[in-house]
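S.K.: Here's a structure for you.
The values are calculated or read from the model by the stated rules, or taken from the named source; none is laboratory data. Fair warning: this is a prediction, and the values are worked out from it, not measured in the lab. Methodologically, a virtual Cβ is constructed for each residue, glycine included, from the backbone with ideal geometry; neighbour enumeration extends over all protein chains shown. All accessible areas refer to the heavy atoms of the entire protein, side chains included, with ligands and DNA or RNA removed. Shrake-Rupley method; radii C 1.70, N 1.55, O 1.52, S 1.80 Å.
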Amino acid sequence: MKKYFSLILAIATTLFFVGLIAKNEWHLHHSKSIFIELKPVDPRSILQGDYMALAYELNLQTSKPLAENETLNQRIFNHASIRAKVTLDSHNKVIRTILEPKNLSAEQSLILKNPENRYQALYPASRSFLFAEGLAQCYEKAKYAEFKVNLKGEAILFDLRGEELQPLNCKKQKNWWEGTIKDL
Amino acid sequence: MQIRDDYPLRNTLFIQHLHIFSYVFMAVSILYLIAANWLMLPDSIQLTIPPLILLVTAWISIKDTLSEGVRQTLHGICGLMVGLSLAVIGQVYQTGADSYLLFLIWTLLLLPWLYRPNIGIFALICITSQLTLFLFFKQTFWLEKFPYLYLFALNLLSLIEFWVCIKKYRALRFVFIACFAVISIVGMIQYLSGENIPYLISAFFSGIIGFYYFFKKDDQLCASLMAAVLGVTATIWLVDRINDLFKDSNEFIFLFIAGIIFIWFALISYFLIKIFRQSRFYIIPLAVGAWLAGLALAAFTLVFWEAVSLIIGVTFVCIASILLKKSQHYFIRQFAYCLFISGQTAFLFHLESETDQMLWVLIAQIFILCISYFFKPHWFFILIQMLATYGIAFIYLLQMYHSLWSVNSTQTYLNLTLLSYFVFSLVLLPKGRSIVQYERSVYLCVLAVASFFDTFMGLVLDSSEDRQIWIFYLLPSLWLLCFSIFYLYKHLHGIVFFAFLLFGVLLIALGYFEVFILFIILTWAIKKKDYIVYGVTLAVFVLVLWQLYYNLQITFLAKSASILISGLVLWALYWLLHQENQRNLIEGEK
């Protein structure tokens, strides 16, 4: 039995991974797409190769007005994640994001991450979008980030979209064997 | 004529290394191609690769014929694949889950793999668990809310892992000494910045427990190292207190600090001699203390009045030279080294500020390098002098064309390449009696320069027109020609000789000839069983391949192909040398 234990462990671990993948796939297929406008930021990381650092136009508001001398940063102080509701237009673009929603059950929930205790740094799911070397020029055209959000407000960053929410199809513009282009 | 055998290319162990390296090169070429195009692969393939490797590796590991070492290695690969699988799932589905969760799940999934003792898996668990703890406290803001709880958890977790380490994986105890050193020094710095007692306790708690354990087990080396760590932590406190006491005093404070440090570490050594009467490791704190005192002395000489500093510097160097010439006592020699370095630093620094001419500094440093050889110092001292000479020469060449910090000037680029190849040519020097005792210093210097050269000057030919490309071919070609005449031709004959030559020419053409020099140094390290040079050579190999990956001047496909070709040629070299050895063995038996 001990002889086969490593193989049993590997199979059990793989099954666990399959479960994780299934959970995420279910999330992708049973959730709503919302689009958040991007702020321009600087791409590229030395270690990760090309990637797009993302910042979002969330248009933050609070459901409860701020008291005198109170700041938004104080409201979110030391909360690792913040529950919010987003108002969407007819194309599912986010118009405004309301923090601490209490009586807005009809709106779409969205969980924001708070890494720095600054409301300007709040973001949903991910602050970076990884892509293959040499596709930076194509992804520079991105204006919106597409998130798949479930009822609980948990989001997965799914893709980047253009001005009219059209898919950029960057991956299709390049063959894998080309690797890094020479004029990078 | 007797043939010198400084680089035994037909050594069986070296041939085995060639064999391993040929596979490493081929594997690296495939790895580069996959890694570079990873994000171009469909998500399903990305998600399949790591679990597939996990399953196949686990399946191979159950074979009865495997040795325990190979099985442990395979299980180690399984442990890495578990983490890689989690990372890929996180990358494909960008859910924004906190990264501590990834490390937590990885740690939990690794634990069952310890059913069979495995040092690699245990080391991995130590890293992932510490990362989990830190990231959890950071990402949930508990680090701000409950900083002392983190301190407690950090010490507790480290001590639990240390306990497992000394029970089952004693080889890792040095890593824990390094870990305790970091906890101790960071704790002391945090205590001094905030005067919070828990940080002071943390600065000594794990260290003292570690020292007590090693003392009880009579592990003299580890106890001495631990004592040196505690000594350094206490020194930080001492220096801070002295600084507070004499806030308005002049530069002599550094002299005072140097004296205190020296006395303090001498006391630690005295204490170690008392508890370990037969030990020779008491010298460790003494050496650490000597070098820390040297830093303080260097600070003292540097902040002094300019012309006086020159005189103090020269005086220090003279006193150190006399001590090195006259005494063989360990304590005195360490003191002399620290005096020498601090005096030399002050002298060179103020010489530059007085003359405003880097050339004088370079000439002075070459002179210092020459005279230091005659004191028969420790190999590390000569290495420091060689590296200092290279560093000063490098800065001088950068300044020569008023282009400091810029290697864009063609002439500067040419000069720096010439300088690096001048250092590489030290490998070609005949190994006479005069140089043999400092061979390690020479090789380590060449390795350091090779790493520096690759990191900052680039490995592969730059296509821009202002670079004089011919120099990249000429210098390594000259090196190879000299090596072939002095060494290769005398050891290898016929097809094997030409195969080695072809390998060198191929590396010149591909633009990473340093790899050839690394192989030559490796032959020496294997022959002499010099594990320091051997370890550093392997580390530089990794660095060169790493640098090559990040060189964006050529496509990944070309990079991958060139490394694959190098791997194939290496394999052919292995085969030829192996065949020749076999033939010689059969002829010998006849």
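S.K.: Which of the residues belonging to region B:462-483 are crowded, with 17+ Cβ neighbours inside 10 Å and modelled with pLDDT of 85 or more?
M.R.: Passing the criteria: B:Leu475, B:Pro476, B:Trp479, B:Leu480, B:Phe483.
S.K.: Inspect region B:572-579 for any residue being free of Cβ contacts under 8 Å to residues at least 40 places away in the same chain and over 29 Å from the mean Cα position of the chain (by Cα) and give the result as yes or no. Don't jump to the end; show me each part of the working.
M.R.: As a first pass, look at region B:572-579 and keep what is free of Cβ contacts under 8 Å to residues at least 40 places away in the same chain: B:575, B:579.
In the following step, the residues that additionally are over 29 Å from the mean Cα position of the chain (by Cα) were identified as B:575, B:579.
Yes, some residue in region B:572-579 is free of Cβ contacts under 8 Å to residues at least 40 places away in the same chain and over 29 Å from the mean Cα position of the chain (by Cα).
S.K.: Can you pull out every residue in region B:57-77 that is within 9 Å of chain A (Cβ to nearest Cβ), more than 27 Å from the chain's Cα centre (by Cα) and not in a loop (DSSP other than H, G, I, E, B)?
M.R.: Matches in region B:57-77: B:Thr57, B:Ala58, B:Trp59, B:Ser61, B:Arg71.
S.K.: Which residue out of B:Leu522, B:Leu548, B:Leu510, B:Leu570 is within 14 Å of another protein chain (Cβ to nearest Cβ) and surrounded by 17 or more Cβ atoms within 10 Å (Cβ to Cβ)? Walk me through it before giving the result.
M.R.: On the way: B:Leu522 fails: within 14 Å of another protein chain (Cβ to nearest Cβ); B:Leu510 fails: within 14 Å of another protein chain (Cβ to nearest Cβ); B:Leu570 fails: within 14 Å of another protein chain (Cβ to nearest Cβ).
Result of the check over B:Leu522, B:Leu548, B:Leu510, B:Leu570: B:Leu548.
S.K.: Take residues that are at pLDDT 85 or above and open to solvent by 60 Å² or more (accessible area, probe 1.4 Å) and tell me which of the helices (runs of 4 or more DSSP H) falling wholly in region B:319-421 contain 2 or more.
M.R.: In region B:319-421, B:358-373, B:379-400 are the helices (runs of 4 or more DSSP H) which contain 2 or more residues that are at pLDDT 85 or above and open to solvent by 60 Å² or more (accessible area, probe 1.4 Å).
S.K.: Condition check: more than 27 Å from the chain's Cα centre (by Cα), assigned to a helix (DSSP H, G or I), among the small types (Gly, Ala, Ser) and away from chain A (no Cβ under 14 Å). Does B:Ala153 satisfy that?
M.R.: Yes, satisfied.
S.K.: Still on this structure, please answer the following. Residue by residue through region B:485-498, note down the ones that are surrounded by fewer than 17 Cβ atoms within 10 Å (Cβ to Cβ) and in a helix (DSSP H, G or I).
M.R.: Residues satisfying the conditions are B:Ile485, B:Phe486, B:Tyr489, B:Lys490, B:Gly494, B:Ile495, B:Phe498.
S.K.: Name the residues in region B:138-150 that are more than 21 Å from B:Phe205 (Cα to Cα), part of a helix (DSSP H, G or I) and hydrophobic (A, V, I, L, M, F, W, C), would you?
M.R.: B:Trp142 - this is the single residue of region B:138-150 that is more than 21 Å from B:Phe205 (Cα to Cα), part of a helix (DSSP H, G or I) and hydrophobic (A, V, I, L, M, F, W, C).
S.K.: I've got another one for you. Which residues, taken from region B:156-173, are in a helix (DSSP H, G or I) and in contact (Cβ under 8 Å) with a residue 40 or more places away in the chain?
M.R.: B:Ser158, B:Leu159, B:Phe162, B:Val164, B:Cys165, B:Ile166, B:Lys168, B:Ala171, B:Leu172, B:Arg173
S.K.: From the set of residues in region A:130-153 that are at pLDDT 90 or above and within 12 Å of chain B (Cβ to nearest Cβ), which is surrounded by the fewest Cβ atoms within 10 Å (Cβ to Cβ)? Can you show your working first?
M.R.: Just the residues of region A:130-153 that are at pLDDT 90 or above, to begin with: A:143-149.
If we keep only those that are within 12 Å of chain B (Cβ to nearest Cβ) as well, we get A:145-149.
Numbers: A:Ala145: 27, A:Glu146: 18, A:Phe147: 27, A:Lys148: 22, A:Val149: 23.
Ranking the candidates gives A:Glu146 first.
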